[in-house]
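Have a look at the structure below before the remarks.
The values are calculated or read from the model by the stated rules, or taken from the named source; none is laboratory data. The shown structure was predicted, so the numbers you read here are calculated from the model rather than taken from an experiment. As a convention, Cβ positions derive from the backbone with ideal geometry for all residues, glycine included, and neighbour counts pool all protein chains shown.
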Amino acid sequence: MVLSKRVNVLSESMTIAISTLARDLKASGKDVLSFSAGEPDFDTPQKIKDAAIEALNKGITKYTAVEGTVECRKAVANKLKRENGLDYTPSDIVINVGAKHSLFNLFQAVIEEGDEVIIPAPYWVTYPELVLYSGGKPVFIETSDASSFKMTAKQLSDAITPKTKMVVITSPSNPTGAVYTKSELEEIAEVLKGTNIIVASDEMYEKLLYDGSTFTATASISKDMYDRTVTINGLSKSVAMTGWRFGYLASGNKELINAINKLQSQSTSNINSITQYAAITALNGDVDTEIESMRVEFEKRRNLACDLLNKIDGLSVVKPSGAFYLFVNIKKVETDSMKFCKELLEEVGVAVVPGLGFGMDGYFRLSFATDEKTIIDGIGRIEKFVKSRI
Ligand code: PMP
Ligand code: GLU
């Protein structure tokens, strides 16, 4: 079969590919410890499950409005106001099949052939693929351990050309956990002033913050930033709801929201009605205690994993302020991250994701969204593997 050029341009998500491989190896009886999935190991809070059961019993099993029920969009608008100081009305919001779908819709709606999209590297695997799929050109800005993996305003300014259509900001970041401060975002805002550049602000990990660091929503910086920013968020990571598929985008631009609604009306239609109903419980703050206890647990695991990894001769890691990933520097041992990760899996049964998948060789990503025993055992195996190399 001759496939479309459009689909041939796509690569498979490396994070999903490695997680699937680790799962298959485990199922075939291999002793594999997996740190590859960007997925909390916690169960969804009971109150959310109860709300889903209530939805079923109430017969909330029919199509809803394409963009999501008014009640659900109201809950998103209230959340964005209460927690992020953002003024959106329900008609500024579209509920999507996870934030990945929000990003897909956004890129499809605004990127034209040849448009440049600035993406700080290392980046989450999906962004460049979505840019390519929409005919655009990803333009990468390299960051490093030395800048705590954050793009500076100067780097952004240097990367802008007349073709720049969009810049992607992910804070806290996947794969580095870097969190932009308010003043860093203000500097970025200053660079964007007077341009037509759209900001895609991926705020998926906003609740997973450590050492008392605070989150600033990109659109809250100024009126100018509010107007150019599309806020993207969801419940997968902070509320342990990856399988429910709930994401959303918000923008004050009516034309954009109408275009995305049109696209969604011809593709997925509404996301499932039960998830929408149950999501309101999370958005209203009814499981904030559960969210906070997961965060506390993640912080403990981060401290443990960082301490253990930094003790290994040849490896180093910047302690991240957010999310649940460590982006580990392996350059003293091996610069080819694919080779390192393949051999690590084959020799000691540890699955981590090569930095190359995130646009930066010489690193691997380890997700610490797993229990302490697995972290201790897994990093013990990594130590053994590294010792055999140097
Ligand atoms: N953005 C980032 C930065 C992510 O890591 C993920 C993880 N899958 C997503 C968006 C999408 O999440 P989901 O589709 O589960 O809402
Ligand atoms: N975002 C998660 C990760 O980075 C889930 C996998 C994916 O959607 O790519 O591992």
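Details
- Flag if T44 is within 16 Å of ligand 1 (Cβ to nearest atom), more than 18 Å from L344 (Cα to Cα) and either in contact (Cβ under 8 Å) with a residue 40 or more places away in the chain or not in a strand (DSSP E or B) (or both): yes
- Just one residue in the set Y180, Y205 is within 16 Å of ligand 2 (Cβ to nearest atom), assigned to a loop (DSSP other than H, G, I, E, B) and either out of contact with any helix residue (DSSP H, G or I) (no Cβ under 9 Å at 6 or more places or on another chain) or without any contact (Cβ under 8 Å) to a residue 60 or more places away in the chain (or both); that residue is Y205.
- Check on Y205, within 12 Å of ligand 1 (Cβ to nearest atom), of a type in the set (F, W, Y), crowded, with 23+ Cβ neighbours inside 10 Å and farther than 19 Å from A121 by Cα: no
- Flag for I271 being surrounded by fewer than 21 Cβ atoms within 10 Å (Cβ to Cβ), closer than 29 Å to T229 by Cα and of a type in the set (V, I, T): no
- Among residues of the range 335-362 that are without any contact (Cβ under 8 Å) to a residue 40 or more places away in the chain, those with a Cβ under 9 angstrom from a residue that is within 13 Å of ligand 2 (Cβ to nearest atom) and assigned to a loop (DSSP other than H, G, I, E, B), sequence gap 6+ or separate chain, pair up as F340/V352.
- Any chance D145 is modelled with pLDDT under 95, at negative phi and not small (G, A, S): yes
- Scoring K223 on the criteria (1) closer than 23 Å to E190 by Cα; (2) within 16 Å of ligand 2 (Cβ to nearest atom); (3) of a type in the set (D, E, K, R) leaves a single failure, condition (2).
- Being assigned to a loop (DSSP other than H, G, I, E, B), hydroxyl-bearing (S, T, Y), out of contact with any His (no Cβ under 6 Å at 6 or more places or on another chain) and touching a residue at least 40 places away in the same chain (Cβ under 8 Å) is a description that does not apply to T275.
- Members of the range 260-309 found to be small (G, A, S) and in contact with a strand residue (DSSP E or B) (Cβ under 9 Å, 6 or more places away or on another chain), listed by number: A279, A305
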